[in-house]
Amino acid sequence: MRRLLLFLLLLVVWAADAQTPPTTAAPANPPSIATFTAGMDKRPGFLTFYYDAKKGKIWLEIDKFDMELLYYPTLAQGVGSNDIGLDRGRLGQEHIVKFVRSGPRVLMIEPNYSYRALSRDSLERRAVEESFAQSVHAGFDIMAESDNRVLVDLTPFLMQDGAGAIPAITQTRQGSYKLDPMRCALYLPHTKSFPQNTEFEATITLTGDNPGPYLRQVVPTATAITMRQHHSFVQLPDNNYKPRLFDPRAGLGSIDFFDYASPVGEPITKRYITRHRLQKKDPSAAVSEAVKPIIYYMDPGAPEPIRSALIEGTSWWNQAFEAAGYKNAFQVKLLPADADPMDVRYNLIQWVHRSTRGWSYGASITDPRTGEIIKGKVTLGSLRVRQDYLIAQGLVGNFTATAADTADLMTMSIARLRQLAAHEVGHTLGLPHNYIASTNNRASVMDYPHPQVDIVDNNKLSLANAYAKNIGDWDKVAINYAYREFPAGTDEKAELNKIIAGYLQKGLKFLSDQDARPEGSAHPKTHLWDSGSDAADELTRVMKVRRIALTNFSEAKIPMGMPMANLEEVLVPMYMFHRYQVEAAVKLVGGQDYSYALRGDGQVVAQPVSNEQQQKALNAVLATLEPAELLVPTRILALIPPRAFGIASNPRETFKRHTGITFDPLGPPEAAAGMTLRLLLNPERCARLVRQKMLDPSAMGLDELMERLRTQFVGTSYKNNLGVAYPQEVRRMVERKFVEQLIGLATDREADGAVRSAAHESLMRIQHTYAYSLAANRLYAYNFAGWLIDRYQATPDRPVSTTLLTAPEGAPIDPGQEWLEPDCDWK
């Protein structure tokens, strides 16, 4: 029996060894590096390496033991799908690493800079270092050695999914993939060494089954995804950079870490802003040239006139640096023909192609120790300009039978590109989004801008002021805080506080993603793609713009010879033109004004939106649910046939429908009404309405909101002069969607109890309305919405609902997902 067990044990060990890739054992007496590398291609630089053409290997020479350097992966060749996010130039996470020798082996170790002790006491620092784990990214056997230099095989490290393609594919549910080593190889054209960085690139292939639709759309054989991934080793900056402390009011990104040397009475978390290093030649001068200007390089792959627009928009930032006391300290140039975009010395603006319109990005390579930005990297999606052109086409386009004047269309599109370039570069300078800026005279390019469409002569639209044409006042404040250099002996903290006090006195504000992106967010002025100082007033104005756009909508919105079915793609952004302003106005309901206030700075801490403002916003929002606003004019319905042969429908850019291939007249109304009702009855917004009524009896409450919706849209007929049932069916659809939203609230186990109770009570009142109507033998008596309530009562744990026809994707209308620092838009 013991022999049998021993045999089985040996069998298991043999099987495990058989599945382990063979490795080259370190020789007992390693040869010299010169002997080992004889005949190989030597590439000297920051890290010297050798290429062995016979074996297809990279041999790395290590002579910088225990010296920290920066490592990060990049996706050099993308997949081409915005939905998956594996774009050309996508940056991976930075890692500070060092090579540590232990006998015949070298480890690439990442220290833990999230936990530190900023102390001169070595024992205090060691106590922190030994309290938290480090990470070993790779281990290498020493194959050759000379003096204090060793040679290791870097190839296995390069043949990995360093950029995280496999997790990205898995998270987007596009299949299960793994690396196939037999289909991976080094890519020598982008494997080279520079004075401050050494770059390696490899072609890798992922294989898998059951690829998802995004992959099938962009990969020639979706079961084998081949891309190129890049690995960068970069020299860290010297110690002459002085970090600047973070202030939440300053509008700048940051790094943070625990400092266990902090006095007990001070916060243990330290935060430094992220910024480039910039110094004046004459620190005492009010205005001075920079010792080393910040230079951004434009990808020459961007065509004209797009390239010039991107360069011009990027150059706007020099206005902000001039305001901060610098002369010509920010420059934009075309990437030289002999320059390599992988060289860390080049801040790069890259033009990227995808199969669909998508986000643009502003990202940076940052020193995790100090927050110093080493390299800015901007990714601009090429299809965005076509979406802007489409929006302009729907607003003012007029393609006659003989000619077409597209000057206004291109002018708006190019204006948007300037703003987009400035926005994304702003991220790489350290600035996050400022979503309140649009309410203050376009104070920042770091907002998401909605095109400003003006009404002229009561029935015409103008794009003359569609987008800003310069850097904003807030952008100058943020750059001033981040980059101003103060003369020796200055109290820097006091001067920085003066900068903040100055912008507060001017009425400028800063609020970012956490305050704008959630549908249930509360701030009345912080939104994406909105306009105007008052969201409710602007919604009323935007609805007028929308009515004019739909009134003027005709077949002349597309060129002669284009399939008529394509007219729907122009219709979508016109019909949904109000979508983001609705979202902005809704936030006034149950809204709360607040700021990133510090004690003693005089800012508003937190206060509810006035009842008057909430009521005005509710009136403006409810007006968008009326049939007169929701129905699609019948003359437009007659212009849109099913798709032409050979031209597939694009579900991203067209309305969803219940009618098969034909255009559904109720599809757009259902998408718009469903969106508005979902926003109004957001569980968090409803909970705030309950609380504000609890604290102030005169304030709007949730019961009042639901009663307004019930009396306006439940059991009411709609008079019209069209002679058809279309408007009444739109009203009935809104009624059904309201009931479905209420059922969703009442059965949402994560919603506040008072919210669920109010939703249930409203459903019972609606049921009573139906019962009364039935007894009175009214035409609109018992209907499908009533049946839904009956089902809800009978099986509250399994309520019946219909599938909502949602609106086509709006974002990105025109900057980026953007912030990739540590960092978009509508249709």
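The values are calculated or read from the model by the stated rules, or taken from the named source; none is laboratory data. What you see is a predicted model; the values in this text were computed from it and never measured. Glycine gets a Cβ as well: all are built from the backbone with ideal geometry, and neighbour counts include every protein chain shown. SASA here: full protein model, heavy atoms, side chains in, ligands and nucleic acids out. Shrake-Rupley method; radii C 1.70, N 1.55, O 1.52, S 1.80 Å.
What ranking of 787, 59, 359 comes out by heavy-atom accessible area, probe 1.4 Å, highest first?
So the residues, ranked largest to smallest area, are 787, 359, 59.
Once you put a point 7 Å from the Cα of residue 386 and another 7 Å from the Cα of residue 635, both along the Cβ direction, what distance in nm separates them? A separation of 3.1 nm, rounded to one decimal place.
Toward the positive end of the charge dipole of the chain, with +1 on the Cβ of Lys and Arg and -1 on the Cβ of Asp and Glu, the farthest Cα among 727, 489, 138 is that of 727. Radius of gyration over Kirkwood radius for the stretch 463-562, both on Cα atoms: the Rg/Rh ratio is 1.17. DSSP assigns beta bridges within the chain; of those with both partners inside it, close to 80 percent run antiparallel. With distances taken between every two different alpha-carbon atoms, the stretch 94-177 has a Kirkwood hydrodynamic radius of 15.9 Å.
Using 0.36 nm per residue, how much length does the chain from residue 304 to residue 470 gain when fully extended, once their Cα-Cα distance is taken away? Write out the running numbers ahead of the final one.
Working: separation 166, 0.36 × 166 = 59.76 nm, distance 2.07 nm.
Full extension of this stretch gives 57.7 nm more.
Rounded to the nearest 0.05, the FRET efficiency derived from the C-beta distance between residue 771 and residue 596 at R0 = 60 Å is 0.70.
Shape verdict for the stretch 402-466, please, from the Cα gyration tensor: rounded (a/c under 1.5), prolate (a/b greater than b/c) or oblate. Oblate, since a/c reaches 1.5 and b/c is not below a/b.
Of all DSSP beta bridges confined to the stretch 287-351, the antiparallel ones make up roughly 0%.
If you roll a 1.4 Å probe over the heavy atoms of the protein chains, what accessible area per residue do you get for the chain, in Å²?
Working: 36860 Å² over 827 residues.
That works out to 45 Å² for each residue.
What dipole magnitude, in Debye to the nearest 20, does the chain give about its Cα centre under +1 on Lys/Arg Cβ and -1 on Asp/Glu Cβ? Let's see the in-between values first.
On the way: 91 positive and 92 negative charges, 191 e Å.
In debye, rounded to 20, the chain gives about 920.
Working from label points 7 Å from Cα in the Cα-to-Cβ sense, the residue 707 to residue 603 distance is 3.8 nm.
Ignoring ligands, DNA and RNA, what percent of the 1.4 Å accessible area of the stretch 37-148 is carbon and sulfur?
Numbers: 2370 of 5450 Å².
With neighbouring chains kept in place, the figure for the stretch 37-148 is 43 percent.
Computed with a 1.4 Å probe over protein heavy atoms only, the accessible area of residue 453 comes to about 0 Å². The portion of the accessible surface of the stretch 483-628 made up by carbon and sulfur, rounded to a whole percent, is 51 (1.4 Å probe; DNA, RNA and ligands excluded). For residue 655, the solvent-accessible surface computed with a 1.4 Å probe is close to 10 Å², ligands and nucleic acids excluded.
As a test of the formula, what do you get for the chain when each DSSP H run with n ≥ 4 contributes -39,500 (n - 2.57) and the sum is divided by the residue count, at 222 nm and rounded to the nearest 500 deg cm²/dmol? Before the final figure, lay out each step's value.
Values: 25 runs with 277 residues, N = 827.
After summing the helix terms and dividing by residue count, I get -10000 deg cm²/dmol.
For a modelled paramagnetic label at residue 134, 7 Å from Cα along Cα-to-Cβ, the residues of the stretch 58-79 in reach, with backbone nitrogen under 18 Å, are 62-72.
Under the convention that each Lys and Arg Cβ holds +1 and each Asp and Glu Cβ holds -1, the size of the dipole of the stretch 467-593 around its Cα centre is about 340 debye.
What's the FRET efficiency of residue 628 with residue 694 using the Cβ-Cβ distance as r and R₀ = 56 Å, to the nearest 0.05?
Numbers: r = 36 Å, r/R0 = 0.65.
Efficiency, from the Cβ-Cβ distance: 0.95.
Compared with the alpha-carbon gap, the fully stretched path from residue 514 to residue 403 is longer by 35.2 nm at 0.36 nm per residue. Taking Rh as the Kirkwood radius computed over C-alpha pairs, what is the Stokes-Einstein D of the stretch 300-417 at 25 °C in a medium of viscosity 0.890 mPa s, expressed in µm² per second? Translational D for this selection: 147 µm²/s. Calculated over the chain, the projected area of the Cα convex hull averaged across directions stands at 46.8 nm².
Quick one: length gained pulling residue 331 to residue 93 fully straight, 0.36 nm per residue minus the C-alpha distance? Walk me through the intermediate numbers first.
Values: separation 238, 0.36 × 238 = 85.68 nm, distance 2.69 nm.
Additional length available on full extension: 83.0 nm.
In the stretch 122-264, the alpha-carbon atoms span a convex hull of 255 Å³ per residue.
With coordinates expressed along the principal axes, the C-alpha atoms belonging to the stretch 181-271 extend over 60, 37, 25 Å, beginning with the largest.
In a simple Cβ point-charge model (Lys, Arg +1; Asp, Glu -1; nothing else charged), the stretch 631-677 has a dipole of about 100 debye relative to its Cα centre. Measuring r between the beta carbons of residue 125 and residue 205 and using R0 = 51 Å, the FRET efficiency lands at 0.70. Across the stretch 605-686, the volume of the C-alpha convex hull divided among the residues equals 136 Å³ per residue.
Note on residue 495 and residue 65: the model spin-label points, each 7 Å out from Cα along the C-beta direction, lie 4.5 nm apart. Exposure check, 1.4 Å probe, all protein chains in place: residue 428 carries approximately 0 Å² of accessible surface. Here the convex hull built on the C-alpha positions of the stretch 622-730 has a volume of 124 cubic angstrom per residue. Taking amide H as placed 1.01 Å from N in the peptide plane, the amide H of residue 138 sits under 5 Å from that of 108, each at least 5 places away or on another chain.
First select every other residue whose beta carbon is under 14 angstrom from the beta carbon of residue 174; then total the charges, Lys and Arg +1, Asp and Glu -1. List each step's numbers first, then the result.
Details: positive: 173, 178, 216; negative: 83, 209.
Net charge around residue 174: +1.
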